[in-house]
Amino acid sequence: SQTIHQWPATLVQPVGSPLSLECTVEGTSNPNLYWYRQAAGRGLQLLFYSVGIGQISSEVPQNLSASRPQDRQFILSSKKLLLSDSGFYLCAWSVRGGRTEAFFGQGTRLTVV
Amino acid sequence: AQSVTQLDSHVSVSEGTPVLLRCNYSSSYSPSLFWYVQHPNKGLQLLLKYTSAATLVKGINGFEAEFKKSETSFHLTKPSAHMSDAAEYFCVVTPRDDFNKFYFGSGTKLNVKP
């Protein structure tokens, strides 16, 4: 069966520090991968998605970047965090080209102080 | 352009009464539609999905939803609310011409009163 791992679960970082959140998927190949952010009291905003290694699409301009160094690994990064980067970050995967659902990780609660 | 509108940001019901969470979508083509549930500080769990088969879709925990193309709606219902149903619910659309993207509604927080 397929599983998705996302870590860390919680993170407190000072303003101006770097960020690296990692997500890995097991039990499937060539997945679509996604990073979403959920700010307090708001819905989910798609930040990045990837349909293959090294292929990253950015949905909104921001202080973050994403990379996909391996087929089932998706990394969210920042060189210098802002207070506005605080939120709940969710990684997800889906079957490429299929009319199926997305499967979500358990999320990372990021607090920038 | 695709969009999803959840008409109520908060819904409050009494335990044992019906639940109705409303969702309207706009999409150029027949989409796939999903409902997810999220408990506090948790990931999202799929409740049910519509992918062009039967228009009345049954999901987990007694939830169901009906795809109405003429009304561009996909409302979520449950005959009898349980305390454990208290959570946030998201309606999601994937357009037929771009299965790579999932567009989320803003969410509806369901409160269940004893």
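Say whether the condition of being under 21 Å from residue A:107 (Cβ atoms) and more than 11 Å from chain A (Cβ to nearest Cβ) is met by at least one residue in the range B:16-27.
No, the range B:16-27 has no match at all.
Looking only at the range B:53-64, how many residues end up being in contact (Cβ under 8 Å) with a residue 12 or more places away in the chain, within 14 Å of chain A (Cβ to nearest Cβ) and crowded, with 17+ Cβ neighbours inside 10 Å?
Total satisfying the criteria: 1.
Condition check: surrounded by 20 or more Cβ atoms within 10 Å (Cβ to Cβ), touching a strand residue (DSSP E or B) at 6+ places or on another chain (Cβ under 6 Å), within 10 Å of chain A (Cβ to nearest Cβ) and closer than 21 Å to residue B:8 by Cβ. Does residue B:67 satisfy that?
no
For the range A:41-68, give me each residue that is more than 14 Å from chain B (Cβ to nearest Cβ) and open to solvent by 70 Å² or more (accessible area, probe 1.4 Å).
A:53, A:61 - these are the residues of the range A:41-68 that are more than 14 Å from chain B (Cβ to nearest Cβ) and open to solvent by 70 Å² or more (accessible area, probe 1.4 Å).
Can you find a residue that is within 14 Å of chain A (Cβ to nearest Cβ), open to solvent by less than 70 Å² (accessible area, probe 1.4 Å) and touching a Cys at 6+ places or on another chain (Cβ under 7 Å) anywhere in the range B:81-100?
Looking for residues that are within 14 Å of chain A (Cβ to nearest Cβ), open to solvent by less than 70 Å² (accessible area, probe 1.4 Å) and touching a Cys at 6+ places or on another chain (Cβ under 7 Å), one finds at least one in the range B:81-100, hence yes.
If I ask for residues that are under 13 Å from the mean Cα position of the chain (by Cα), more than 9 Å from chain A (Cβ to nearest Cβ) and not aliphatic (A, V, I, L, M), which ones from the range B:101-114 would you list?
Quick first cut of the range B:101-114, residues under 13 Å from the mean Cα position of the chain (by Cα) only: B:103-110.
Imposing the further condition that a residue be more than 9 Å from chain A (Cβ to nearest Cβ) reduces the set to B:108-110.
Within the range B:101-114, B:108, B:109 meet the criteria.
Which of the residues spanning the range A:89-99 are at the interface with another protein chain (Cβ under 7 Å from one of its Cβ atoms) and surrounded by fewer than 23 Cβ atoms within 10 Å (Cβ to Cβ)?
A:97, A:98, A:99
For the range A:95-113, name all the residues that are small (Gly, Ala, Ser) and over 21 Å from residue B:48 (Cβ atoms).
Of everything in the range A:95-113, those that are small (Gly, Ala, Ser) and over 21 Å from residue B:48 (Cβ atoms) turn out to be A:97, A:107.
Where in the range B:15-56 are there strands (runs of 3 or more DSSP E), lying wholly inside it, with at least 2 residues that are out of contact with any Pro (no Cβ under 7 Å at 6 or more places or on another chain) and not aliphatic (A, V, I, L, M)?
In the range B:15-56, the matching strands (runs of 3 or more DSSP E) lie at B:23-26, B:32-38, B:44-50.
The values are calculated or read from the model by the stated rules, or taken from the named source; none is laboratory data. What you see is a predicted model; the values in this text were computed from it and never measured. No Cβ is skipped: glycine too gets one built from the backbone with ideal geometry, and neighbour counts run over all protein chains shown. Heads up: the accessible areas ignore ligands, DNA and RNA and are worked out on the full protein's heavy atoms, side chains in. Shrake-Rupley method; radii C 1.70, N 1.55, O 1.52, S 1.80 Å.
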